[in-house]
Amino acid sequence: MIHSTEIQTNLKKTGTWQRIFFMLIFAVILGLVRILLWAVVLLQILSSLITGSPNGNALKFGQTLSLYIYRILLFLTYNSDDRPFPFADWEDHKAPD
């Protein structure tokens, strides 16, 4: 059973509050990136309808964007302590060649 002194100690940890602050920032970024991802989806649909194949540049960008979203979700769910871009290099979110 958790005692009230443990709870008070936990509430005073600045690291926890700092993480919560960054989680809020990344929740907002995630919302914006999701809109961008839907734009890529629509671009790919249009490209497929018009040219018969997906756009190669949008494929690479969509993959990178998906990996970025994945990194954000790992951070938000406490599965990673690594903060994604803009607190890390964007290169960390590219798929291996």
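The values are calculated or read from the model by the stated rules, or taken from the named source; none is laboratory data. Owing to the predicted nature of the structure, the values given are computational and were not obtained by experimental measurement. Please note: Cβ atoms are built from the backbone with ideal geometry, for glycine as well, and neighbour counts cover all protein chains shown.
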Checklist entry - PHE75: of a type in the set (Phe, Trp, Tyr), at pLDDT 95 or above and surrounded by 12 or more Cβ atoms within 10 Å (Cβ to Cβ), yes or no? => result yes
Next on the checklist: Cβ-Cβ distance below 9 Å, separation of 6 or more or different chains: which pairs start in region 1-29 with a residue that is under 14 Å from THR77 (Cα atoms) and end on one that is assigned to a helix (DSSP H, G or I) and among the polar types (S, T, N, Q)?
Outcome noted: THR16/ASN10
Checklist entry - PHE21: more than 12 Å from the chain's Cα centre (by Cα) and either part of a loop (DSSP other than H, G, I, E, B) or modelled with pLDDT under 95 (or both), yes or no? => result no
